[in-house]
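Only one structure is covered here, and it is reproduced in the block below.
Please treat every number below as a calculation from the coordinates, not as lab data. Since the model is a prediction, treat every value here as computed from it, not as a measurement. Don't worry about glycine lacking a Cβ; one is built from the backbone with ideal geometry, like all the others, and counts go over all protein chains shown.
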Amino acid sequence: GENVEQHPSTLSVQEGDSAVIKCTYSDSASNYFPWYKQELGKRPQLIIDIRSNVGEKKDQRIAVTLNKTAKHFSLHITETQPEDSAVYFCAATLGGGADGLTFGKGTHLIIQP
Amino acid sequence: GAVVSQHPSWVICKSGTSVKIECRSLDFQATTMFWYRQFPKQSLMLMATSNEGSKATYEQGVEKDKFLINHASLTLSTLTVTSAHPEDSSFYICSARGFGGGQDYFGPGTRLTVT
């Protein structure tokens, strides 16, 4: 089955700086890679996703890059704000099918004021 | 956007009893629903995949006789934790996926505490 590795487990950055979280996956058949933000006790919220036919996607301060050859994808958050503090999870799956998501272990992002 | 609800949001039960959790897609039909479990400060782990009108598919290590899943309609899936034990205490989250794939929509989760 799929295995997703996520690094770092904790990331502390100064407000206004950029944050980068990296994930690798094992199953070359995976073609859908979402990123979720989860606040304590709440449901995961989709913040951005990318499919394997695209190398990069951007939505305002958030971007995701995908390297299919190396089987890794990264989340980039620019101009970080205090409200960006949360746990972020990457995930992978064979999109469009009936496969569930395999999640990384999560990154606790701390924005220092 | 699409909305998925879960009920109850939290439940406390005694060891040995059973608990049923409902997951509903409120404004769309879900071909597939998924059940995840999340222990404190850990990631979401897929437990099972539920398709309307057919038997659920369980992930390796998940006891199908303990975690009963019923997907009776395109908008409702239920998870019943049978003979619950304290180690079953966790945050259970469902998600729903519509026709043609696309993103998964997560429910708000159910906090189960077994005493």
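With θ taken as phi - 60° and the Karplus curve 6.51 cos²θ - 1.76 cosθ + 1.60 applied, the whole-hertz 3J(HN,Hα) list for region B:28-39 is 7, 9, 9, 5, 9, 10, 10, 10, 10, 10, 9, 7 Hz, x standing for glycine and proline.
Legend: Rg and Dmax of region A:18-68, from Cα coordinates, 11.9, 34 Å. Near residue A:111: Cβ cut-off under 10 Å, other residues only, Lys/Arg at +1 and Asp/Glu at -1. The net charge is -4.
The relative contact order of region B:24-66, computed from alpha carbon pairs under 8 Å that lie at least 6 residues apart in sequence, is 28 percent. Assuming charge only on the beta carbon of Lys and Arg (+1) and of Asp and Glu (-1), the dipole of chain A about its Cα centre is about 220 debye to the nearest 20. Listed by chain and number, the aspartates and glutamates whose alpha-carbon sits under 19 Å from that of residue A:71, ignoring those within fewer than 8 places in the same chain, are A:2, A:5, A:27, A:49, A:56, A:99.
Post the alpha-carbon centroid distance, region A:1-35 to region B:67-112, in whole angstrom. Going from one Cα centre to the other spans 25 Å. In a reduced charge model with +1 at each Lys and Arg Cβ and -1 at each Asp and Glu Cβ, region B:2-67 shows a dipole moment near 260 debye about its Cα centre. Per residue, the average separation of C-alpha pairs within less than 8 Å and at least 6 apart gives chain A a relative contact order of 37 percent. In terms of surrounding Cβ atoms within a 10 Å radius of their Cβ, B:93, A:48 rank from fewest to most as A:48, B:93.
Using the Cβ-Cβ distance between residue A:12 and residue A:98 with R0 = 45 Å, the FRET efficiency computed as 1/(1 + (r/R0)^6) comes to roughly 0.70.
Mind checking the dipole of chain B: about its Cα centre, +1 per Lys or Arg Cβ, -1 per Asp or Glu Cβ, Debye to the nearest 20?
160
Annotation: lysines with alpha-carbon distance below 27 angstrom to residue A:42 (same-chain offsets under eight excluded): A:22, A:57, A:58, A:105, B:14, B:20, B:41, B:64, B:66. Taking every C-alpha pair closer than 8 Å and separated by at least 6 residues, the mean separation divided by the residue count of chain B gives a relative contact order of 37 percent.
Determine the sum of side-chain charges near residue B:66: Lys and Arg each +1, Asp and Glu each -1, restricted to other residues whose C-beta is under 15 angstrom from that of residue B:66. Write out the running numbers ahead of the final one.
Values: positive: B:20, B:37, B:64; negative: B:59, B:63, B:65, B:87, B:88.
Result for the local shell: -2.
Computed packing ranks the peptides A:16-27, B:40-51 as B:40-51, A:16-27, most packed first, by mean other Cβ atoms within 10 Å.
For peptide A:99-107, how many partner chain Cβ atoms fall within 10 Å of a residue's Cβ, on average? Mind dumping the intermediate values first?
Working: counts 6, 17, 8, 5, 7, 2, 3, 5, 0.
For peptide A:99-107, the averaged partner shielding equals 6.
May I ask for the Kirkwood hydrodynamic radius of the protein assembly as shown, worked out over all distinct Cα pairs and given in angstroms to one decimal?
Numbers: mean 1/r = 0.0552 Å⁻¹.
Result for the protein assembly as shown, one decimal place: 18.1 Å.
Based on the Kirkwood approach, the hydrodynamic radius assigned to chain B is 14.0 Å, with every pair of different Cα atoms included.
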